[in-house]
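Single-structure report; data block below.
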Amino acid sequence: MSTTTLSKGQALAFAAPAFIAILPFLVACVYILRFSLSAEQGVIEGISIRAYQELMTPFFGRSVWLTLKLAFIATVIVMFMAVPLAFLLTSLRGSFARRLLTVTILLPLILNLLVQAYGWILLLGPSGALNTLLKSLGLIERPLFLLFNETGVLLGLVQTSLPLAVFPIVSAVRGISKEHLEAASSLGASNWRILRDVSLPLLRPALVGAASIVFAFNASAFAIPLLLGGRRVQMMGVAIRDMISPLFNWSGAAAAGMILILLTLFVLVVSAWLVRVTTVKTKG
Amino acid sequence: MKYSLTRRGLLKASAGAAAALAAPSIVSASGNFSGKEIRLLTWSDNTGLAILENIAKPFEEMTGAKVIADRTGSTSEMVAKLRASGGRAQYDVITLAGVGAVELAGDGLLAKPDLNQLPNLAKVDPRFRTGADGHGIGYLLWTGGLIYNTKTFKEPPKSYAEMWEANHAGRLFMPPATWTDALDTIFATGKMLGGDGTNADDAFAKLSELRRNILTFGENPAQLSELFRSDALDIGGVYAPAFFAKELANPEQSNMGATYDVEEGFFADLMYTIMPKAKPGEDDVVHAFINYTLDAKVQGVMAEAVLNGPINQEAQMSEAAKASPFIIKPEQLSDKAVVHDKSFIADVREQWISKYQQTLS
Amino acid sequence: MRVGLLPTDRGGSYRFVIMLLAILGILVSALPVVVVTIMSFSAAETSGFPPESYSLRWYGEVARLFTNEDSSSAQSVVDSTVTSLVVALIVMVISTGVCIPLAYALARGERRVREGMELLFTLPLVFPLVMLGIAFLLIAESLKLELGIWRIAIPHIALVLPFVLRNCLSAMNGISVELEEAAISLGASPMRAIWDVVIPLMKAGILAGLIFALIISFNEFTITFFMYTIDVSTLPIWMYSRTVSSLDPSTLALSVFIIAADVLLIVLVDKLIAGKGNLF
């Protein structure tokens, strides 16, 4: 008897509750797919690809490109901060310090986005604390515009998705056995080398998982571009919201949603594949 | 946020309503409704809050009925939710912008209120009594003009052309494309260029010059208020002073001013109360509530609280409210007020929204 | 010598860069909250940052909201808070309960199956929430079911699954099969081995999943906006109408209050699950 692999039946039994839990969502997905093929804008009626055809405009294309670009950049920035945060969190010894840091990282998920945006305006707005400071120091004459443009949106995306990346990485860091690191260290490898040759490869599945969750989350964002982009940054989430209300073009919104989901899945699958290919290479 | 997409043609007097009102039956608004409930759906912004304080609460005290209020988002968000809920009996009375009433009436979700049970309607300016094919009862006038920074402007700006001045670069806000105020802005630009407002191509060409000047689109009034307070904005429009009743009363703190007195005119839109077909409450108390929203005293208090225009011609206002430049009284709707032709707006709406978006963002 | 990913004794450029990035991350996460918290203690009527003087007056107002509430008209903040809590607890228990066995099965199963499943369970994140919200509402209304609190709980469960599963899976990654086999060779049944060996080792991931589920559900707005009814409403919905109308210090005080409630919940869950001084 092998304990390392479950039998098909066992695996199914283990997975069944989760499938029941996600079932309503899958029903909703099918519903959205069906809606995107409706011939009417407000109700499901007839079958047509009109909703998709109507989306094929340069404006929508730019919006798709912008969405993928911002989601990607935000994901890269998030990963550069999430890994060090995970290292820091796992190396803290005092439990109070650990709790404090955990709660701090979770804050962006807790606080109402409108209120957070307000906090950012007070800090980084055209007349916010930062601009006032820089002006009084004589470093700038005109205020820096850090909000209500792509910079502001990126900041918001990074902030809200950072906690999503940190915790899966923390769990994985805990799983790295100390022997690996000690062995490398005793061989005289530098910290950077250990990071490159030992830690990161061991963390790779968790890193990919974290990055894909962050990317997906950011690609569908709509509140952040509305609040910190001053509505000037047309991400797809915003376009979809506008189609739901006040345009009441629900089939169009469903079609845009399907396009977004397919693009995101494509990116996730390709990145998973790339990782697999490179992993095989390094192992070989 | 009260963005509507098309506006009711306000000037179309309702002959039917007038006839019905010729002999209003005597229904006492102060009847005893204790034990009865009304479920009210209204806006989430300060105008919704004012309804709770100035309409719902006194109504409860007067009649003994209980008003349970849900303050949900904007008109379009309400419409989206009500449409998706179909015939579910959730609310008895809803306040919303004209377009919402038209949309929901078109879906067949609304009942026609019995005008005989609304005696206060007799005192309402005939132009504003009913709408949405008899499904909507007039409520208050929503008006839009220019919002400006009192630090920058010693005198209120006299024309929308002020928005193009180079010294406001990076200090300008504009209404979001999906708000009716955006359509108003296109109209205002057209009139500024000497047209009648429907000269959209010229207007868009002119508007494109503003692209670099815009700091933000006014998606969130509370955010705008903060930007004015910190002196980051100079001017913006077309936008409703109603969002900023508190700020406009205190310009030293808020730096905010508003004006309707603009060469190209200002914009007015009638808001409605409506009654869904499927409703949990009883007819008499619901009608009494709608009637109460048109009470002379209530109209006066509401006008002052949220800077909307009263439609009851005998609305009782304080001296301050009467003198307030921010509250438009029906008699002030002279040729300066732009009231959109509903059918024209319906025709161009979608096209204008996307053009506005593409021109400016 | 302790060898960790963040060396304390020697480190040079490595330690410096890691710390710098971590601090940047902390700033990005915490700055708005710090500003809002400071502002909530302002003594002034309107908002200027930093405030000129400080007071607790806005917290007094928040306390009033909860104690002598307006009996009429407005939705009750107390009811909304209770609903939010109940929904969050349901979501937390169910989502974690179903993800632990799934994570185990995936970690011990074929790689390709695992990747497919991970992708499937990422889906709830990909759809814009507005679209999902309206789809859930349309489905719920067309089925004409009286779901009560489950109207909100069911979509929330779907929404938190990606987070819970990822965290459980990450935790499973580090657990080697040998440990389990050792337990079995000592006479434990496979289920016993999972319960006694694997689950305790997964604790960090499970805990993270629980906390994510709790926080996301407790603070979820967009889908709830479509699903709530006048009778079943949540705290974020109640909060929304306040923040749209104005961002006065009492709203900020309320936000700080909600943060405190969240932190309390997190610590409670941590204590209950992890025991004393453990983990996070």
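We did not get these values from a lab; they are worked out from the coordinates using the rules stated. Every value quoted in this text rests on a predicted model; they were computed, and no experiment measured them. No Cβ is skipped: glycine too gets one built from the backbone with ideal geometry, and neighbour counts run over all protein chains shown.
In percent, rounded to a whole number, the relative contact order of region B:100-193 is 20, using alpha-carbon pairs under 8 Å and six or more apart. Across q = 0.12, 0.15, 0.27, 0.29 Å⁻¹, region B:56-119 modelled as identical point scatterers on its alpha-carbon atoms has Debye log10 I(q)/I(0) values of -0.38, -0.58, -1.24, -1.29, in the order of the q list.
Determine, from the Cβ-Cβ distance of residue C:27 and residue C:176 and an R0 of 41 Å, the FRET efficiency 1/(1 + (r/R0)^6), rounded to the nearest 0.05. For R0 = 41 Å, the calculated efficiency reads 0.65. Towards the positive end of the charge dipole of region C:75-245, with charges on Cβ (+1 Lys, Arg; -1 Asp, Glu), say which of C:157, C:227, C:113 has the farthest Cα. Selected residue: C:113. Each label was represented as a point 7 Å from its Cα along the Cα-to-Cβ direction; for residue C:192 and residue B:166 these points are 8.6 nm apart. Our summary gives region A:1-81 a relative contact order of 12 percent, counting only alpha carbon pairs under 8 angstrom and 6 or more residues apart. Screening chain A for whole DSSP H helices of 18 Å or more along their axis (Cα) with average Kyte-Doolittle hydropathy at least -0.5 returns A:8-36, A:58-91, A:95-110, A:150-175, A:200-219, A:250-283. Loop-located GluC sites (Glu not before Pro) across region C:103-165 with a Cβ neighbour count of 13 or fewer within 10 Å are C:110, C:146, with loop assigned by DSSP. Long hydrophobic helices in chain C: the complete DSSP H runs spanning 24 Å or more by Cα along their own axis with mean Kyte-Doolittle hydropathy of at least -0.5 are C:13-40, C:77-108, C:150-173, C:199-219, C:249-274. With contacts taken as Cα pairs under 8 Å at a separation of at least 6 residues, chain C carries a relative contact order of 27 percent.
Positive end of the dipole of the protein assembly as shown (Cβ unit charges, origin at the Cα centre): among A:189, A:230, C:267, the Cα lying farthest that way belongs to A:189.
Taking the Cα centre of region C:147-280 as origin and assigning +1 to Lys and Arg Cβ atoms and -1 to Asp and Glu Cβ atoms, the resulting dipole is close to 160 debye. Under a Gaussian network description of chain C, with springs only between Cα atoms under 10 Å, the residue in C:100, C:18, C:258 that fluctuates furthest is C:18.
Roughly how far apart, in whole Å, are the Cα centres of region A:224-284 and region B:332-348? Comparing the Cα centres of region A:224-284 and region B:332-348, I get a distance of 39 Å. The calculated 222 nm mean residue ellipticity attributable to helices in chain C amounts to -23500 deg cm²/dmol, summing -39500 (n - 2.57) over DSSP H runs of n ≥ 4 and dividing by all residues. Other protein chain C-beta atoms within 10 Å of residue C-beta, averaged over A:159-165: 4.
Derived from the Cα gyration tensor, the three semi-axes of the equivalent ellipsoid of region A:67-241 are 34, 20, 15 Å, largest first. Here region A:67-241 is assigned +1 on the Cβ of each Lys and Arg and -1 on the Cβ of each Asp and Glu. Its dipole about the Cα centre then comes out at about 140 debye. Taken residue by residue and averaged, Cβ atoms of other chains lying within 10 Å of the Cβ of C:230-242 number 4.
Calculated FRET efficiency, residue C:260 and residue C:43, Cβ-Cβ r, R0 22 Å, to nearest 0.05?
0.60
Relative to the longest principal axis of the Cα atoms of chain B, helix B:342-360 runs at roughly 40 degrees. Neighbouring Cβ atoms from other chains, within 10 Å of the Cβ of residues in A:56-69, number 1 on average.
Which entries of B:57/B:297; B:246/B:342; B:158/B:246; B:279/C:144 show an alpha-carbon separation above 20 angstrom in the structure shown?
B:246/B:342; B:158/B:246
Under the simplified labelling scheme, the residue B:158-residue B:89 pair shows an inter-label distance of 6.0 nm, with each label point 7 Å from Cα along Cα→Cβ.
Taking 60 Å as R0, compute the FRET efficiency from the Cβ-Cβ separation of residue B:150 and residue A:45 and round it to 0.05.
Working: r = 53 Å, r/R0 = 0.89.
Taking R0 as 60 Å, the efficiency between residue B:150 and residue A:45 is 0.65.
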